[in-house]
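Before I ask anything, here is the structure I am working with.
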Amino acid sequence: MCGGNGARIIQGCLLLLGLLFWCNSAGAESLVPAGQALTLAECIRVGLQTNPSVEISAQNLLAVREKAGEAAGGYYPTFKASSSYAYTTPANAKMGVSPDSFDTRLAIRQPLYDGGATTNLVAGARQAIAVQDYEVVRTRLEIVLFVKSAFYEVMKRRDLLAVAESSRSDAEKHLEQARALYAEGVSPRADVIKVEVQLSTAGLEVIRAENGVLLALANLAAAMGLPASTDFSVTPVGAISSLPAAALPPLAETIAQAQAGRPELRGIMARIEAAQTNIRQVESGFYPNLSLDAAYGWQESNYPPEDRKWSVGLTLGIPVFEHLTTKSKKNQAVAALGALKATELQTLRGVELEVQQAWLALKESLERRQVTGKVREQAEEDRRVSEGRYQEGVGNILDVLDAQVALTMAKTNEVVATYDIATAQARLDRATGVELQEESK
């Protein structure tokens, strides 16, 4: 009987958990209707709403804020109600003294002075809130970078698929041309075979490119916090329209912007302030504390007690032997502060390196795109000439095939360079701590 009830309870719990999971999944997927084409701004907005990292940082911030309220409780009085019973063996049984004692009382204590312990504890809690605020900003910037990088990867893979399909279409035209020339007796059967091999190879590249698009879409869905199997597509509206100009900002100016805007640096500064406050909070242990105490209650040998009593007084606590412990705590706090200052310098150097790497990557991508555009134009001209010579019977099919491979490679390099610019700009924005754009809010 008990076993059957237990099984039903377990089944009910599993059903409830499944229902909760389904509701959460449905809520996330409802942001992206099946088959919808998303712009970059829409992908960022979805990512900032559904990525679990946002919820984690928000809940951590909420917990830190509650700690501030807990610390402020030291300013307010404490109120306690207690009731006790004690049995005491009488020294002389003939005295007629009852061994029972009932005590019920209400007590209140109001701190008056604690050497600044509560004040510094509240200040430290507020500084911890600032630290977590910067962590929330850092998390949002990371999500924006992940979404942008994944979005640009989808666009790149889609354009590479178009290049592969164009190459396959050109190979089909070359095969028709080779078969026609072979039928006229102008070219050998070997030319037809070579073009057929190129067509098969082009078909394989199309398959790889199609799979690359699907994989990039799954990565984008994961970056947005959605299931990898979510059915959606992307549209380039607002994605590549604002590519950076050829002129880059000075590197020194970019590094200065990062030093002022990176949430990691601002967060470590808040941690240093919190550590300094913690030292002052520990130092409060060297000073006495004073509180106002009041109590009202009943005490008697019978229950309920009826003998009323009350008391009002000041309580002064003077630390005597705690100085050594407090001194050790202070030394620990001072050491922690020194470690944080070293961490600040380490973080600063890491930010400077990250900015320089992103800046150089953007510079290289801009220069590479200029070159790849010229290479593509040259490859198109080379293919046009090779096809004309082969059509006239004075050229070799190998020249046509080589020209086609070179053109495909040139188009591929141009696509990669174009989206490398966008990705490098996104990484530079993240490295400098650029605030979220209006469309992503």
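The values are calculated or read from the model by the stated rules, or taken from the named source; none is laboratory data. Note that the coordinates shown come from a computational prediction; the quantities given were computed from them, not determined experimentally. Cβ coordinates were reconstructed from backbone atoms using ideal geometry, including for glycine residues, and neighbour counts include every protein chain displayed.
Out of all the residues in the range 253-288, which are more than 22 Å from A336 (Cβ to Cβ), in a helix (DSSP H, G or I) and under 24 Å from the mean Cα position of the chain (by Cα)?
T254, I255, A256, Q257, A258, Q259, A260, G261 - these are the residues of the range 253-288 that are more than 22 Å from A336 (Cβ to Cβ), in a helix (DSSP H, G or I) and under 24 Å from the mean Cα position of the chain (by Cα).
While we're on this one: Looking at the range 418-430, I want the residues that are without any contact (Cβ under 8 Å) to a residue 24 or more places away in the chain and have a partner that is surrounded by 21 or more Cβ atoms within 10 Å (Cβ to Cβ) with Cβ atoms under 7 Å, at least 6 apart or on another chain. Which pairs are those?
Pairs that qualify, where the first residue is without any contact (Cβ under 8 Å) to a residue 24 or more places away in the chain and the partner is surrounded by 21 or more Cβ atoms within 10 Å (Cβ to Cβ): there are none.
L226 versus (1) among the hydrophobic types (A, V, I, L, M, F, W, C); (2) part of a loop (DSSP other than H, G, I, E, B); (3) crowded, with 18+ Cβ neighbours inside 10 Å; (4) modelled with pLDDT under 90: which is the lone unmet condition?
In the conditions (1) among the hydrophobic types (A, V, I, L, M, F, W, C); (2) part of a loop (DSSP other than H, G, I, E, B); (3) crowded, with 18+ Cβ neighbours inside 10 Å; (4) modelled with pLDDT under 90, L226 misses (4) alone.
What number of residues in the range 388-403 are crowded, with 21+ Cβ neighbours inside 10 Å and of a type in the set (G, A, S)?
Summing the residues that are crowded, with 21+ Cβ neighbours inside 10 Å and of a type in the set (G, A, S) in the range 388-403 gives 1.
Let me ask something else about it. Just checking, how many residues over the range 404-416 are surrounded by fewer than 20 Cβ atoms within 10 Å (Cβ to Cβ) and over 11 Å from L160 (Cβ atoms)?
3
Is it the case that the range 95-110 has a residue that's part of a helix (DSSP H, G or I), surrounded by 15 or more Cβ atoms within 10 Å (Cβ to Cβ), in contact with a Phe, Trp or Tyr (Cβ under 6 Å, 6 or more places away or on another chain) and not hydroxyl-bearing (S, T, Y)?
Among the residues of the range 95-110, not one is part of a helix (DSSP H, G or I), surrounded by 15 or more Cβ atoms within 10 Å (Cβ to Cβ), in contact with a Phe, Trp or Tyr (Cβ under 6 Å, 6 or more places away or on another chain) and not hydroxyl-bearing (S, T, Y), which makes the answer no.
Further question on the same structure: So which of T326, T315 ends up being over 30 Å from A178 (Cβ atoms) and in a strand (DSSP E or B)?
Working: T326 fails: in a strand (DSSP E or B).
From the options T326, T315, the qualifying one is T315.
May I pose another question? Among (1) surrounded by 12 or more Cβ atoms within 10 Å (Cβ to Cβ); (2) closer than 30 Å to L314 by Cα, which single condition is Y152 missing?
The one condition Y152 does not meet is (2).
Let me ask something else. Among the residues of the range 30-86, which ones are touching a Gly at 6+ places or on another chain (Cβ under 7 Å), of a type in the set (S, T, Y) and outside any loop (DSSP other than H, G, I, E, B)? Give the steps one after another, and end with the answer.
Initial filter on the range 30-86 (touching a Gly at 6+ places or on another chain (Cβ under 7 Å)): 39-41, 47, 50-52.
Next, only the ones that are of a type in the set (S, T, Y) stay: 39, 50.
Listed by number, the list holds a single entry, T50.
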